[in-house]
1. Which net charge results for the neighbourhood of Asn145, defined as the other residues with beta-carbon distances under 13 angstrom from its beta-carbon, given Lys and Arg at +1 and Asp and Glu at -1?
2. Could you work out how far apart the two model spin labels at Glu285 and Val124 are, taking each label as a point 7 Å from the Cα in the direction of the beta carbon, and quote it in nm?
3. For region 293-338, what size does the Cα cloud have along each of its three principal axes, sorted from largest down, in whole Å?
4. Which order do peptides 97-108, 361-372, 317-328 fall in by mean Cβ count within 10 Å, highest first?
5. Using the reciprocal of the averaged 1/r over all distinct C-alpha pairs, how large is the Kirkwood radius of region 41-156 in Å?
6. Over region 8-101, one equal point on each Cα, no solvent: what is log10 I(q)/I(0) by the Debye formula at q = 0.13, 0.17, 0.22 Å⁻¹?
7. Separation between the Leu181 and Asp278 pseudo-spin-labels, each 7 Å from Cα along Cα→Cβ, expressed in nm?
8. Could you check the spin-label model distance between Cys218 and Val383? Points 7 Å from the Cα along Cα→Cβ, value in nm.
Amino acid sequence: MLDENVSAATIFFFILYGITGVVPFIAAVYLLLRRGNAIVPGVTPPVRLRYWAASFLLVAALAHVWWILFYIYSRDLRSVTYLVIVTVDFVGMVTTIVGTMFSMLQDRRRPIWPAFVAMIPFMVLGVFHVLYPDGSFLDIGIAYNLVLYVLFFIYMVFAVRRYGQWLNDNYADLEDKKVWLSQLVSLGYVLVFILYVLVDTNFNFIFLLHIAELIFFCLLVWRVDTLPGLTAFPSQDEGECSSPEEISPAVISPADHSTDETNDSPLVRKGVGSETLDQIERLLEDHCVATQLYLQHDLTVQQLAQTIGTNRNYLSQYFSGQDITYNSYINDLRIKHFVNLYQEAVAAGKPVVAQQLARESGYRSYSTFSLAFKQRTGKSLTVWMRDEAQ
């Protein structure tokens, strides 16, 4: 028998509230302590991302604790205690989610300190809320935070797009290039925050908020564990020169060394000339195409540049001059290799196993191969094989 003063809806709410507090805590412990990946064993996420995501989840779990304590012991929305809780809640949430989202974008390290600076007006408004309870300063502060979240989401739209371009320019067979998943996480958090701001005493609305929280926590952990860490390779801000004057010559003929060894050649002063680009093309033919280096799994543009004896900036300029990306260059060679293997197998009367030929062509993921094949030929593999058989 339930106490007549406690409704079933209230009991269910506290159960759901407890679940939404325990789940992020368990998820945070998992991200901090588990060395392996329980969701996708073959993927090693960035350590920095795991730490930031765990920090956010811990803040979310603790928020459930201090809010329920406030509900039990105070409920005074004009008290200093309420101001402290709201401030810690918003500042902790904002900074840790910004750190988490930025860590998902591995093209460069973005500073987190602007998130702290952006919260200063909110904290000032909170102080005014305590000093002048009837001034609606807290409502203004919440509206200010909502604007910040929307602006952050807009920023993430462009940042994620840039990250996707960076992946295509540097990684040929990365299995998880689904950058839109990072965008989905940021959108999910904005939606949860909007629900949080709009929540009232309506139990149906409160239930919706906590269910949305659970979905978001699960989505975040899943995205963290499915995102391969790329920090071992140079990023746009690390290991890459920004101007020709900062670049040592990559491919220089003996005549280029005739003056001195200071690397002050015309190629360095004026950038990459046509002769150097022609040399890069020959080096690619000799050390990538002829040796079938493109069949190496996870071959990056940095590794390719080092192998052929040039630097990354020159190689990137070469691909830009050909109006292609590193990704399309490697995939083009691999698809040609697949076609040759297929035709040889058919001519020899051997059974054709597309998955095996795809692996022999440099692809670990058959789905990545299928997408690259269709992009290059304009046909799915099934349609292409059918046309070849005719």
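1. Values: positive: none; negative: Asp89, Asp139.
Around Asn145, the charge tally is -2.
2. Each label point is offset 7 Å from its Cα along the Cβ direction, giving 6.5 nm.
3. Each principal axis gives a Cα extent; for region 293-338 these are 29, 22, 13 Å.
4. Details: 97-108: 22.2, 361-372: 19.1, 317-328: 16.6.
Ranked from most to least packed, the peptides come out as 97-108, 361-372, 317-328.
5. On the way: mean 1/r = 0.0641 Å⁻¹.
Over region 41-156, the inverse of the mean reciprocal pair distance is 15.6 Å.
6. -0.55, -0.82, -1.10
7. 4.6
8. 3.6
Read-outs throughout are calculated quantities, based only on the coordinates presented, and are distinct from any laboratory measurement. On a predicted model such as this, the values are computed, not experimentally measured, just so you know. All Cβ positions, glycine included, derive from the backbone under ideal geometry; neighbour counts span all protein chains shown.
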